[in-house]
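Okay, structure first, notes after.
The values are calculated or read from the model by the stated rules, or taken from the named source; none is laboratory data. Computed from a predicted model, the values in this text were never measured in an experiment. Counting neighbours? That spans all protein chains shown, and the Cβs are built from the backbone with ideal geometry, glycine included. Quick note on the areas: whole protein, heavy atoms, side chains included, nothing else; ligands and nucleic acids left out. Shrake-Rupley method; radii C 1.70, N 1.55, O 1.52, S 1.80 Å.
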Amino acid sequence: MPQFAARIGRAKPSAIMAVAEKAKRLKAEGRDIISFSIGVPNFLPGEHVYAAVHEALSKDSGQYGSNRGSDALLDAFIEHMAQVGLTGYGRVNCATGIGAKHVIYNLAEALLDEGDTIAFAVPYWTSYLDIADIVGAKIDLLPCPPEQHYKLTPAQLDAALAKKPKVFLFNNPNNPTGMVYTAAEIDALADVVAKYPDTWVITDDIYNRMVFDGIGYRNFVHSRPELRDRVIFIDSLSKTYGMPGWRVGFMAGPESVAAAVTTLNSNHITNIPEIVTAAAVAALSGPQDVPTQKCAEFQAKRDQVMAVMDSIPGIVCPKPQGAFYVFPDVSAYFGKSHEGKKIANDVDLCNALLESKGVACVPGSAFGEPRGLRISYTCPTPQLAPGLERFREFFAELN
Ligand code: PLP
């Protein structure tokens, strides 16, 4: 039989989807399952998005579109960035893709040769590791344990960048921890980034509109505008607008990088479909009440989840200030048993929680931090309190 390319041997299916699949199977068997597993926002975009789609359908030219993204979409994105203080970008600095994941994949192809190093913090969004593996990059993992609130310190970054990785990938607000760096923390990290001109910096900031407690969102480019010649900002419609399946992602950065992503687009996707483009322009440029209201709801849900985490003895849970994730350290319970079953690690714990209580969470090892588990709290509001109550019961029953 002919052989596969080596890179496909390095590609792994998503660990998060494995939990979701198991939860789905149990549900199909008639079990009452509450899912805290996948990171879907669970709300629909505003009416104006659908209206724009209907209008576009009646005019759809059915033609190929721009490899970079239509002018209207790029302009809407540029205006959207300006609202969070990221100004001075033109169309030539931007490119679009089929979701942020695709844009990040394109960037990995564009910036990393096989054997080049990419550095990023742990816990990480699972796809960073998988994408880096597929392109054959070396990965420098920078551990950010709960004791440091899952945040990278300037000293850690300095040590990592001194080794001259080709790419440093940074995620703020963070999936899976929900952590948000303060302005002062971003400034301090930006000072370190400025010392190492040979490293590209990708800032995956797709949750930048989901920041709580008034702490605000900041990028290295806010701290040091001169860094825009090697910082690549990533955004997406998926989470902010409740549009994960519409698949629209963006980058803004140096012209050369946007051109490389555009060239890669021209060789695989060609363009984002016209109908999707119309939806995206409407989401970015239209009324922002849905994302604003959802952000407030997520903050209230975060408080609800944290109240339960704080009430369970032994759980250590840094308080998240963005996105829709909580990442408790549950390792104090490893070695205990539930209904006679030994809980040796995060995977055992999540399996027992799902099987006995019907609550699906993702084991922390999927994100490189096996002491924790991820709770995504976007389930329908009436399910949140009962799901958390079952979670609390489960931990009370561990002995
Ligand atoms: N980056 C992070 C940190 C994410 O959590 C996700 C999705 O879960 C993505 C990127 C991908 O987003 P998109 O749906 O735009 O591909």
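Observations on the model:
- For the stretch 145-283, with all protein chains in place and a probe radius of 1.4 Å, 57% of the accessible heavy-atom surface sits on carbon or sulfur.
- Axis of helix 99-111 versus longest Cα principal axis of the chain: the two differ by about 70°, to the nearest ten degrees.
- Span from the the stretch 245-310 Cα centroid across to the the stretch 16-58 one, whole angstrom: 16 Å
- Taking the chain as a Gaussian network of alpha-carbon nodes connected by springs under 10 Å, the highest mean-square fluctuation of the residues A183, A159, A20 belongs to A159.
- Volume in Å³ per residue [convex hull over Cα atoms, computed for the chain]: 161 Å³
- At a probe radius of 1.4 angstrom, the accessible area of the stretch 13-130 per residue rounds to 47 square angstrom.
- Taking the chain and dividing mean pair separation by its residue count, relative contact order in percent (alpha carbons under 8 Å, at least six apart): 24 percent
- The residues of the stretch 343-399 present an accessible area of 31 Å² per residue when probed at 1.4 Å with all protein chains retained.
- Contact order relative to length of the stretch 311-399, as percent, for alpha carbon pairs under 8 angstrom and 6 or more apart: 30 percent
- Protein accessible area in the stretch 1-74, 1.4 Å probe - carbon and sulfur %: 58 percent
- Within the shell of other residues whose beta carbon sits under 14 angstrom from the beta carbon of G340, the net charge comes to -1, with Lys and Arg scored +1 and Asp and Glu -1.
- Here K319 is the anchor, and the lysines within straight C-alpha reach of less than 17 Å, apart from those fewer than 8 places off in the same chain, are K151, K301.
- Against the chain, whose longest principal axis is taken from its Cα atoms, helix 183-194 shows a tilt of about 60°.
- Extreme residue, positive dipole direction of the chain, given options I16, N171, G286 (C-beta unit charges): I16
- Cβ-based net charge around R392, under 12 Å, with every Lys or Arg adding one and every Asp or Glu removing one: -2
- Rounded tilt (10° steps) of 47-59 against the dominant C-alpha axis of the chain: 40 degrees
- Nonpolar atom fraction for the stretch 303-379, defined as the carbon and sulfur part of the 1.4 Å probe accessible area, stands at 51 percent.
- Over all orientations, the stretch 41-123 has a Cα convex hull whose mean projected area works out to 8.9 square nanometres.
- The local environment of S35, defined by Cβ-Cβ distances under 9 Å, has a net charge of +2 under the rule Lys, Arg +1 and Asp, Glu -1.
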